[in-house]
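Notes to accompany the following structure.
All of the numbers you see were taken from the coordinates with simple rules; none came from a lab. Keep in mind the model is a prediction, meaning the values are calculated, not measured. Reconstructed Cβ throughout: ideal geometry from the backbone, glycine too, with neighbour counts over all protein chains shown.
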Amino acid sequence: MANDYTVTLDTFEARLRHFMFMFDNMKKENAALKTLLAQKDDELLQLEAQLKQQEAQYTDLMSAR
């Protein structure tokens, strides 16, 4: 009977360690993805500003025509 408890406890400890390992990996991946998202947001803002500038230049050229 006592052996069943130790096996159960050992299994629980192993699974808990595995989940903790997986959690740490997911935290690292999440941080990397947040960094990538911030970079993409910055890139998007720059491209939107560039598009507005190009549209303004196009409008000016069409008006001068």
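Can you compute the FRET efficiency between PHE23 and LEU45 using 1/(1 + (r/R0)^6), with r the Cβ-Cβ distance and R0 = 35 Å? Round to the nearest 0.05.
Efficiency, from the Cβ-Cβ distance: 0.60.
May I ask you to work out the translational diffusion coefficient for the chain at 20 °C, viscosity 1.002 mPa s, via Stokes-Einstein with Rh from the Kirkwood sum over Cα pairs, reported in whole µm²/s? Don't skip to the end; give the middle numbers.
Numbers: Rh = 16.8 Å.
In µm²/s, the coefficient rounds to 128.
Give me a comma-separated list of calculated 3J(HN,Hα) values for the stretch 50-65, in order, Karplus coefficients 6.51, -1.76, 1.60 applied at θ = phi - 60°, integers in Hz, x for any Gly or Pro.
5, 4, 4, 5, 5, 5, 5, 5, 5, 4, 4, 5, 5, 6, 6, 5
Any idea how far apart GLU13 and GLN54 come out in nm if each label point goes 7 Å out from Cα toward Cβ?
It is 6.2 nm.
Kindly provide the helix-only [θ] at 222 nm of the chain, computed as the sum of -39,500 (n - 2.57) over DSSP H runs of four or more divided by all residues, to the nearest 500 deg cm²/dmol? Intermediate results must be reported in sequence, preceding the final value.
Details: 1 runs with 63 residues, N = 65.
Taken over the chain, the calculation gives -36500 deg cm²/dmol.
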